[in-house]
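Single-structure report; data block below.
The values are calculated or read from the model by the stated rules, or taken from the named source; none is laboratory data. Quantities reported herein were computed from a predicted structural model and do not represent experimental measurements. Note that each Cβ is placed from the backbone with ideal geometry, even for glycine, and that neighbours are counted across all protein chains shown.
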């Protein structure tokens with residue numbers, strides 16, 4: 001019989017956000033796939049999980065996926081974790097899930113940590129319907145994507161890095177309009193977690209007044 005492929009969320013900040021079930025699964029699988037063995041090693045050592053680790057990241061996932069599927073077909077149980085959050089959500093995981101589905105491998109994704117939901121809930125913006133757009137394109141297609149998102153009536157969720165946040169906020173003002181409401185959350189679940197809410201102009205002023213650190217989640221709505 002084929003083995004089981006588990007997609008296991010890991011904390012985006014506080015190590016205590018790890019679930020009991022996630023720990024149990026990671027202790028029972030044959031080996032664990034991870035983005036960075038050093039980063040994941042800290043988490044696994046904290047929970048006394050000692051399983052073989054294999055690198056699985058954006059630069060090797062095309063090459064590595066075939067061997068993983070072969071191992072699953074041979075009955076091995078395998079877990080995929082990323083540096084933080086749920087695999088496949090702006091992190092490696094989609095290609096492996098597609099290959100698993102194509103090969104009729106049994107797969108389970110455990111519920112758990114992801115940055116977008118906490119940021120959306122505390123934004124104070126409509127969350128009954130939303131569009132998660134992940135990271136904007138770096139260059140090619142960026143303006144086209146922004147134009148498309150600006151037409152959305154649903155709340156839009158974006159991820160952004162600290163060194164691009166000022167540029168992105170200025171572009172949101174340009175494409176979405178100066179009346180757009182925005183919530184910016186960073187360092188979710190960490191010691192210096194912070195959320196700032198207001199108009200796009202107020203968020204630009206806030207962002208330019210200090211050096212923001214940590215991954216950032218933007219919640220955007222131009223219809224309220």
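Odds and ends about this structure:
- Test result for residue 8, in contact with a helix residue (DSSP H, G or I) (Cβ under 9 Å, 6 or more places away or on another chain), in contact (Cβ under 8 Å) with a residue 40 or more places away in the chain and closer than 16 Å to residue 112 by Cβ: yes
- Taking first residues from the range 163-176 that are under 9 Å from residue 200 (Cβ atoms) and partners that are modelled with pLDDT under 95 and surrounded by 14 or more Cβ atoms within 10 Å (Cβ to Cβ), the Cβ contacts under 7 Å between residues at least 6 apart in sequence or on separate chains come to 176/222.
- Taking the range 133-145 as the range and being closer than 21 Å to residue 181 by Cα, under 18 Å from the mean Cα position of the chain (by Cα) and surrounded by fewer than 16 Cβ atoms within 10 Å (Cβ to Cβ) as the test, the residues that pass are 134, 135.
- Enumerated strands (runs of 3 or more DSSP E) restricted to the range 160-224, each holding at least 1 residues that are surrounded by fewer than 17 Cβ atoms within 10 Å (Cβ to Cβ) and in contact with a strand residue (DSSP E or B) (Cβ under 6 Å, 6 or more places away or on another chain): 194-199
- Filter pass, residue 141 being more than 20 Å from residue 120 (Cα to Cα), assigned by TED's automatic domain parsing to the domain that holds residue 120 and free of Cβ contacts under 8 Å to residues at least 24 places away in the same chain: yes
- Selection status of residue 2, in contact with a strand residue (DSSP E or B) (Cβ under 7 Å, 6 or more places away or on another chain), closer than 28 Å to residue 133 by Cα and not in a helix (DSSP H, G or I): no
- Within the set 53, 15, the sole residue that is under 24 Å from residue 116 (Cα atoms) and either in the same structural domain as residue 189 (by TED's automatic domain parsing) or in contact (Cβ under 8 Å) with a residue 12 or more places away in the chain (or both) turns out to be 15.
- Members of the range 139-149 found to be over 21 Å from residue 117 (Cα atoms) and in a helix (DSSP H, G or I), listed by number: 142, 143, 144, 145, 146, 147, 148
- Contact map, the range 82-99: residues that are in the same structural domain as residue 158 (by TED's automatic domain parsing) paired with residues that are crowded, with 17+ Cβ neighbours inside 10 Å and modelled with pLDDT under 95, Cβ distance under 7 Å, separation 6+ or inter-chain. No pairs are found.
- Wholly within the range 52-111, strands (runs of 3 or more DSSP E) carrying at least 3 residues that are surrounded by fewer than 17 Cβ atoms within 10 Å (Cβ to Cβ), out of contact with any strand residue (DSSP E or B) (no Cβ under 8 Å at 6 or more places or on another chain) and at pLDDT 95 or above: none
- Selection of the range 15-42 for residues being in a helix (DSSP H, G or I) and in contact with a strand residue (DSSP E or B) (Cβ under 6 Å, 6 or more places away or on another chain) yields 25, 26, 37, 40.
Rundown of residues vs (1) touching a residue at least 60 places away in the same chain (Cβ under 8 Å); (2) touching a helix residue (DSSP H, G or I) at 6+ places or on another chain (Cβ under 8 Å); (3) over 29 Å from residue 213 (Cα atoms), yes/no style:
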| site | (1), (2), (3) |
| --- | --- |
| 1 | yes, no, yes |
| 29 | no, no, yes |
| 44 | no, yes, no |
| 58 | no, no, no |
| 63 | no, no, yes |
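- Sole exception among (1) assigned to a helix (DSSP H, G or I); (2) in the same structural domain as residue 18 (by TED's automatic domain parsing) for residue 120, by number: (2)
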